[in-house]
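The block underneath contains the structure these notes are about, expressed in structure tokens.
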Amino acid sequence: MKKIIVLFVGLFSVSSFAQNFELGKVSIDELKEKIHLADSSASAAVLYKTGKNYFELNSEGYFILVSEIEQRVKIYKKEGYEYATVEVPYYTGGKLVRLYFDKAVTYNLVGDKIEKTKLKSDGEFTEKVNENYSIKKIALPNVKEGSVIEYKYTLKTPYYMAFPDFNFQTSIPVNKVQLTVEIPQYFTYRRFLKGYAPINMEAETVVKNRVNNYNDSRIVFKGEEIKALKEESHVNNIDNYTSILQYELAATNFPNSVVENFSTDWESVAKTIYDDKNFGNELNYKSYFEKDLDPLLKSTLKREDRINLIFNYVKSRMNWNEKNSYYCNVGVKKAYNEKVGNVAEINLMLTAMLRYANIKANPVLVSTQANGIAYYPNRTAYNYVICAIEQENGEYILLDATSKNSLPDILPLRNLNWVGRMIRENKTSKEIDLMPKMISRELINVMAQIDAEGKITGKARDQYFDYNACAFRDYYLKMSRDSYLEMIEKRYNGVEIGEYTTNNDKDLEKPMIETYDFTHTNMVERIGGKIYFSPMLYFAKVENPFKQEKREFPVDFPFPYQDKYTFSITIPDGYEIESLPKALSVVMEENLGSFKFNISSVGKTIQVMATIDVNSSHFSPNYYPTLKDFYKAMIEKQNEKVVLKKV
Amino acid sequence: MKRNFLHLALFFLTFFSTFAQDDTYLVASISPELKENANAVARLRQRDINITSRKSMTILTKDVVTVLNQKGLSNVGASEYFDKSTKIKSIEAVILNAFGKEIKKIKRKDFLENSLSQGSIITDGKILYMDYTPTEYPFTVVFQSEVESSNTAFIPTWNAIQSSYEGVEKATLNISSLPELNFKYKDFNIDGNQNIVKETKLNGVSYTAINLVSIKDEEYSPSYRNYIPHVLFGLENFNLEGVEGTASSWKDFGSWVYASLLAGTDEVPWETQAKIKALVGTEKDPIKIARIVYQYVQNKTRYISIQLGIGGWKPMLAKDVDRLGYGDCKALTNYTRALLNVVGVPSYYTIIYGDRQKRDLREDFVSMQGNHVILALPVDGKMYWLECTSQTNPFGFQGDFTDNRLALIVTSEGGEIVRTHEYIAKENTQMANGNFSIDENGSISGSIFIKSKGTQYDNKFSNGSKSADDLNKFYKSYFSHINNLKLKKINVVNNKEEVEFSEEVLLEATEYAKKSGERLIFALNAYNPVRGIPQRYRTRMNPFEISRGFYDYDEITIDLPKGFIIEAKPDNFEIKDKFGDYKAEYVVLNENQLLYKRTFQTNSGYFDKNEYENFRKFREQVAKSDNSKIVLVKN
């Protein structure tokens, strides 16, 4: 490790001959550069970015966290102009937070001279977005292809709990990046670095503070040649893979006061959250629901029935206001009365009611997919809370009452993000796996006839189970029937749906079922007196979703699934089967998935059974070729034709 | 006569019944036909506009909307815009349950505020909106507000139906003004509508609409302005951010824009004057000069929409654009105009609606209209149109954002309504030439050379500046019907002089031809198949429009694998219809070679909803022919 660092320092000193990493020292070489050397597709690049986080004392003697960011950005192409408009949001909902830009300059090469255009006040805007935050925005002047821009902004905030994240990586290449963090001896922070980019951390040193009479611990992070971040399909949240450094306050130890511990591990994160009045206290109230719940609970005795009764009661009474938080906002009592609440109000209320009915229920902290994976212990890693019931056998049932269509262990998809943390009444905590283990099935049965003109008519029955059912109810049931059918007809180009019914719309315990009649005039090809068609009809997948040769990031599917198709197809009079595709069975390595295809015929009827199993919802990039080949084999088979000839 | 009487009776019936329910708003009393295709029903949308002086307009709104399901939430609205000259004097809402009983009151302090700025749009406009989570469906929102503005240049248009999937029980509009302001109005799609009653007054008008059924969003629908009843309003003597304006004719209005918004904005610093004069040199041809100036602007500036204060209507000074190197459409257009002026080429600031869906300035109604500005360059009786917000458009290229619509050119002599360039089908071409061969395993390899012009150029030319990576992604999706695709070579050239985009692609893929025993089956149109068929509607409600035509021609030589013979191939196919012409020809050159020729023209037009199914069938036949396959069998 040491060797690598030494080598790294060596590199640094070499490259520093060519470039000066100080605002205002733009070189002619930088201005002359036409394309980015490592990434010719880059429309712009960060030539260097320097961050400095440190503390100072304000006039009243309180600590203020200062974060300074300096950037030099090269604009190669017109598409890169967007990087010449910079916005920084900041919190304005409480104590004074200051944010200001300075030293914003655009450099251009005019002949062989450097032309410098400074940002004036007419290029700087402050927007009050709402009560809680504002945005400072600058539009750099005189930007052209080839320009180099520079700017610095400084954030001064008393909220040292919310240490600003530092991004080493962004949507354009970053040639050089350095972050220095200086933390007074009175604070302990934990830090966490995620992402794939190589970032070196130098050993921590203790230095005397330049102004005040205390020591700072100083640490420096450096990175070079960091690749641009590019979007890929099937990624839950690209932030999970971006190189970002985060800090979390672990403890304060001010002179003349006791040590105050915050979250240094998951246990204490959980405890800190539990101890907050907007969390733990809210679990203790019960008077608000007793009178409503008592009469209902009296009649049922079985444990399972009590769970279902309470879960359904909360789901039907409460309406989620689409706000995420593990803290209550208006509190469970008010939420209960108004029938509207945020996630915490609804699920803590659920937990409290279950406990009231003698069920061992606990809250589980969750980070939603949009919030990113909670990699390391901190309070902001989470943004959501659900409920877990501890079973006799040590297993758990997970409940989230914010969606009307959820079931025990069938959570809204936003929750399916690795692990959460359960907090018990005694404030101990435990990691809980949130990823669905069961395979969500879909069963499709089709009976169809083909006539001599090539028209297909038939009946289809589609049964959705588990997560498939939940997703169907969440997304499609709220569409109008006509719009839904029009969407299906669009998806399966050319199919026309006649009589259509659904079953078990509200009966969540049962599979969601669709039954319909269809005709399709464009499925079958009649060429030279023969008839050709795919035996999976319009259900045959035609396009491989994985087109790229290489993959940077893992592939995420919503949940493991199984699709099982059975077709029974009657061929037209006057024709006989000339050839059928062959049966096939493909299994991905480590049983990550499989595709089985069987076909046979009896008289004028062709029977097809096809099963697709995808047993994992997360594939690391190493498995990308496997996954791509699996889809290729599957699609090829699904598109092989049955050939009919005239008798 | 009898018919008429019935209508009258019905009218009174509904009138009385709505009157009787006015305070209760029972969901049960909504008539079934208003709920059809509706996510919400407007029980009452009442707007009273009172213009008490040139500098004061008050708008009272009462909206009572029953939300039938979750999707209907977006129909509620319950928000108001405000800025420095527009103040919200009161705003409140009451939520009623299905039985009309009040379940919640939302006071002004419970409304949330949000800025309308985002990204490169900077404005001081804000919005106050209701944040309400429904506890049950259906429910009814009774929203009331009073807004006062000192701007009288923009009187909101009244739409009898405010949005799709909404039935309307009753909608009213009542407007009155002062005589000296010369109030005027014009209604559209209202004459002959039995459900809308109009009442004219001195210096005002009112409309009452009763029982309008919901409209749907449908593919190929023309702008709703073609079929929704709506009314435009205006004052001949108005106030815009403290500037007094007049709009009695387009000529006068243009003079006013010129004198009040443009005059004095076009000063260019002498350094830039010298620079531009040096660039132009001795060139005399106004078009060549304009090309030089346009290129100069494209290289120097970028688009940022800054709509602050009067800047929302008046262009930023040319000298500021010169210094900052950015501006919005008004600023960049005016800057280009100022530079052209320096070198003695006249050009006109032009107000237009910029949108892919065409929208005219209403020639027969003079008022503040348009949402975009471009530059008109008159040379020898012909008009060239310059889009000054683009850093990449070829000179004089309009594309589909501002084509074929009425716009207002502003000159020192006044305004004039002019139509911008119309792209006819034969201008929007895609000409392709190529070949491919299939081997005995069904793999395809081939190359294609495509040239695109007109609106087809518009669709593609941004690819000219894409990176190799992004081009690879683009062609993988462009040829997404070919699985296992490998792109061997991609070469694109954006010829801005000729306004022509060329593409050369070399590709290969395994399993293009599907094996079936001894046979190989594949589609002969490998490169340019029409895939999507227009959406089928159980009952089409709106008329439809094909806004621009196009013309594609493909000529592809196909090499067949050795050792195979053609067992069956598609027959030549041709259709001619009012929607377009299509022709596919398959010529056997020799036993191992075929020539595929395809012509596909789509015509623009505006059609009745009854024609929609025919249009769909036309496109279905094209898709079917494009997908038709050849069968080869081993010899």
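Here the spin labels are modelled as points 7 Å beyond Cα on the Cα-Cβ line, and at A:E549 and A:K437 they lie 4.2 nm apart. For B:D458, the shell of other residues with beta-carbons less than 13 Å away shows a net charge of 0, using +1 for Lys and Arg and -1 for Asp and Glu. Applying the Karplus relation 6.51 cos²θ - 1.76 cosθ + 1.60 with θ = phi - 60° to the stretch A:600-615 yields 3J(HN,Hα) values of 8, 9, 10, x, 9, 10, 9, 10, 10, 10, 9, 10, 10, 10, 10, 8 Hz, where x marks Gly and Pro. Projecting the Cα atoms of A:L592, A:L485, A:N544 onto the charge dipole of the stretch A:440-646, computed from C-beta unit charges around the Cα centre, puts A:N544 farthest toward the positive end.
Applying a threshold of 22 Å to the alpha-carbon distances of A:K596/B:K515; B:K473/B:K514; A:K628/B:K514; B:K288/B:K451; A:K459/B:K624 flags B:K473/B:K514; B:K288/B:K451; A:K459/B:K624 as lying beyond it. Among B:D470, B:D458, A:D563, the ranking by other beta carbons within 10 Å of each residue's beta carbon, starting with the fewest, stands as B:D470, A:D563, B:D458.
Arranged from fewest to most other beta-carbon atoms within 10 Å of their beta carbon, A:R461, B:R598, A:R551 become A:R461, A:R551, B:R598. Net charge of the neighbourhood of A:K78, taken over other residues with C-beta under 15 Å away and scored Lys/Arg +1, Asp/Glu -1, is +3. For the stretch B:343-439, a/c is not less than 1.5, where a ≥ b ≥ c are the root eigenvalues of the C-alpha gyration tensor, and a/b tops b/c. That puts it in the prolate class. Taken about its Cα centre, the stretch A:513-647 carries a charge dipole of about 460 debye when Lys and Arg each add +1 at the Cβ and Asp and Glu each add -1 at the Cβ. Mean per-residue shielding of peptide A:475-487 is 3, counting Cβ atoms of other chains within 10 Å of each Cβ. Of the complete DSSP H runs in chain A, those spanning 18 angstrom or more by Cα along the long axis with a mean Kyte-Doolittle score not below -0.5 are A:2-18, A:343-356. Every helix of 4 or more DSSP H residues in chain A counts as -39500 (n - 2.57), and over all residues that averages to -5500 deg cm²/dmol at 222 nm. The modelled label-to-label distance for the pair B:I127/B:K576, using points 7 Å beyond Cα in the direction of Cβ, is 5.1 nm. Ordering A:Q246, A:V46, A:G24 by Cα displacement along the dipole of the stretch A:2-252 toward the positive end leaves A:G24 in first place; charges were set at the Cβ atoms of Lys, Arg (+1) and Asp, Glu (-1).
Cross-link pairs exceeding 32 Å between alpha carbons, from the set A:K490/B:K476; B:K488/B:K629; A:K32/B:K319; A:K152/B:K460; A:K339/A:K510: A:K152/B:K460.
What FRET efficiency do you get for A:T566 and B:E613 if R0 is 30 Å and r is their Cβ-Cβ distance, rounded to the nearest 0.05? It comes out at approximately 0.35. Specify whether the C-alpha gyration tensor of the protein assembly as shown places it in the rounded, prolate or oblate class, a ≥ b ≥ c being the square roots of the eigenvalues: rounded for a/c under 1.5, otherwise prolate if a/b is larger than b/c and oblate if not. Judged from the Cα gyration tensor, the protein assembly as shown comes out rounded (a/c under 1.5). If a/c stays under 1.5 just call it rounded; otherwise compare a/b with b/c (prolate if a/b is bigger, oblate if not). Do that for chain A, with a ≥ b ≥ c from the square roots of the Cα gyration tensor eigenvalues. Cα axes put chain A in the oblate bin.
The relative contact order of chain A, computed from alpha carbon pairs under 8 Å that lie at least 6 residues apart in sequence, is 8 percent. Its DSSP H runs of at least 4 residues, each contributing -39,500 (n - 2.57), put the calculated 222 nm mean residue ellipticity of chain B at -5500 deg cm²/dmol, to the nearest 500. Averaging the sequence gap over all C-alpha pairs within less than 8 Å and six or more residues apart, then dividing by the number of residues, gives the stretch A:266-433 a relative contact order of 24 percent.
Other residues whose C-beta falls under 15 angstrom from the C-beta of A:E499 contribute a net charge of -2, scoring Lys and Arg +1 and Asp and Glu -1.
DSSP beta bridges confined to the protein assembly as shown are antiparallel in about 90 percent of cases.
Residues whose amide H comes within less than 5 Å of that of A:N383, counting only those at least five positions distant or on another chain, are A:V366, A:S367, A:T368 (H built at 1.01 Å from N in the peptide plane). For the stretch A:220-320, the relative contact order works out to 9 percent when only alpha carbon pairs closer than 8 Å and six or more residues apart are counted.
For A:I527, the residues whose amide H sits under 5 Å from its own are A:Y532, ignoring neighbours fewer than 5 places away on the same chain, with H placed 1.01 Å from N.
Bear in mind these aren't lab numbers, they're just calculated from the coordinates by the rules spelled out. Bear in mind the structure is a predicted one, so any value in this text is a computation, not a measurement. Backbone-built Cβ (ideal geometry, glycine too); neighbour counts: all protein chains shown.
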